[in-house]
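This report concerns only the one structure given below.
The values are calculated or read from the model by the stated rules, or taken from the named source; none is laboratory data. Keep in mind the model is a prediction, meaning the values are calculated, not measured. A quick note on method: Cβ atoms are made from the backbone with ideal geometry, for glycine too, and the neighbour counts reach across all protein chains shown. For the accessible areas, the whole protein counts, side chains as well, though only heavy atoms, and no ligand, DNA or RNA atoms are used. Shrake-Rupley method; radii C 1.70, N 1.55, O 1.52, S 1.80 Å.
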Amino acid sequence: MPRLAVFASGNGSNAQRIAEYFSGHPSVSVCLVLSNKPDAFVLERAVKLGIPTMVFNRDSFYETGQVLETLRSYRIDYLVLAGFLWLIPQKIISAFPGKILNIHPALLPGFGGKGMYGMKVHQAVIDSGEHESGITIHYVDENYDEGRIIFQAKCPVSEDDTAESLAEKVHELEYRWFAEVIEGVVGRDG
Ligand code: GAR
């Protein structure tokens with residue numbers, strides 16, 4: 001049975017959606033929620049859902065290997081990044097080859113890269129005058145937002161959209177697709 005760990009830095013609405021989707025699932029389970037922010041709301045959500053949590057700092061992520069050890073101790077097979085903002089270190093990428101998925105709130109390869117997260121992405125889309133935005137679910141490599149694309153879905157950007165209203169549209173797409181796409185990837189490999 002594939003075992004997932006979800007990484008999130010903030011609110012965690014996608015993490016919750018994924019956990020609920022796989023709750024009671026016959027072959028996939030969300031076993032651990034990890035955050036680099038001790039006060040991230042995703043941690044409260046995980047506790048309510050009965051999922052173990054881990055909070056880590058830069059040292060335990062990039063230097064000591066403590067995060068990797070914990071992933072191993074939970075026998076995690078896949079990492080899902082759902083609003084997680086740090087670059088994944090090479091030793092974790094090597095330990096999970098082709099098994100780390102990220103969601104980005106725009107149509108990559110546009111509007112990605114370091115510092116492009118959350119509202120900044122939506123504001124950049126609006127400022128550029130694009131008529132479409134959407135979501136990109138992709139494998140993670142050692143660069144921000146550059147791994148192979150698995151799935152994209154689009155939504156229109158209208159003239160009166162703000163970053164906030166566009167974020168809502170994009171969140172709807174995320175809730176609709178992310179868990180299902182994960183299920184497809186995990187099912188194909190497992
Ligand atoms: C999501 O929209 C996700 O696509 C985005 O952060 C949001 C987290 O929302 N991720 C990035 O911008 C990564 N570059 P949530 O915490 O409510 O799930």
- Run the numbers on region 1-95 and let me know its relative contact order in percent, using alpha-carbon pairs under 8 Å that are six or more apart. 38 percent
- State which entries of K120/K154; K91/K120; K48/K91; K37/K154; K114/K169; K37/K120 exceed 26 angstrom in Cα-Cα distance in the structure shown. K91/K120; K48/K91; K37/K154
- Message: Using a 1.4 Å probe on the protein heavy atoms only, what accessible surface does K99 show? Give it in Å² to the nearest 10.
- Response: 70 Å²
- For T162 and K37, what is the calculated FRET efficiency with R₀ set at 22 Å and r taken between the beta-carbons, to the nearest 0.05? 0.30
- Task: Would you mind calculating the relative contact order of the chain from Cα pairs under 8 angstrom and at least 6 residues apart, reporting the percent as a whole number?
- Result: 20 percent
- Net charge near K169: determine it from the other residues with C-beta under 12 Å of the C-beta of K169, scoring Lys and Arg +1 and Asp and Glu -1. -4
- Query: For the chain, what is the calculated [θ] at 222 nm in deg cm²/dmol (nearest 500), taking -39500 (n - 2.57) for each run of four or more DSSP H residues and dividing by its residue count?
  - Reply: -11500 deg cm²/dmol
- Message: So if each residue of separation counts as 0.36 nm, and I subtract the Cα-Cα distance between Q66 and A95, what length gain in nm does that give?
- Response: 9.1 nm
- Where the chain is the region considered: accessible area per residue in Å², 1.4 Å probe: 48 Å²
- Note on the structure: Here, H25 and N57, labelled 7 Å along Cα→Cβ, have an inter-label distance in nm of 3.4 nm
- Jot down the radius of gyration and Dmax of the chain, Cα atoms only, both in angstrom. 16.0, 50
- Query: What is the distance, in nm, between label points placed 7 Å from the Cα along the Cα-to-Cβ direction at Y74 and at R148?
  - Reply: 2.6 nm
- Note on the structure: The local net charge around P156, scoring Lys/Arg +1 and Asp/Glu -1 for residues other than P156 whose Cβ lies under 11 Å from its Cβ, equals -2
- Taking the Cα centre of the chain as origin and charging only Cβ (+1 Lys, Arg; -1 Asp, Glu), how large is the dipole, in debye to the nearest 20? 780 debye
- Message: Given the whole protein assembly as supplied and a 1.4 Å probe, what does the accessible area of D39 come to in Å², nearest 10?
- Response: 130 Å²
- In sequence order, calculated HN-Hα J values of region 138-148 (Karplus, 6.51, -1.76, 1.60; Hz; x Gly/Pro): 8, 6, 9, 10, 7, 10, 5, 6, 10, x, 4
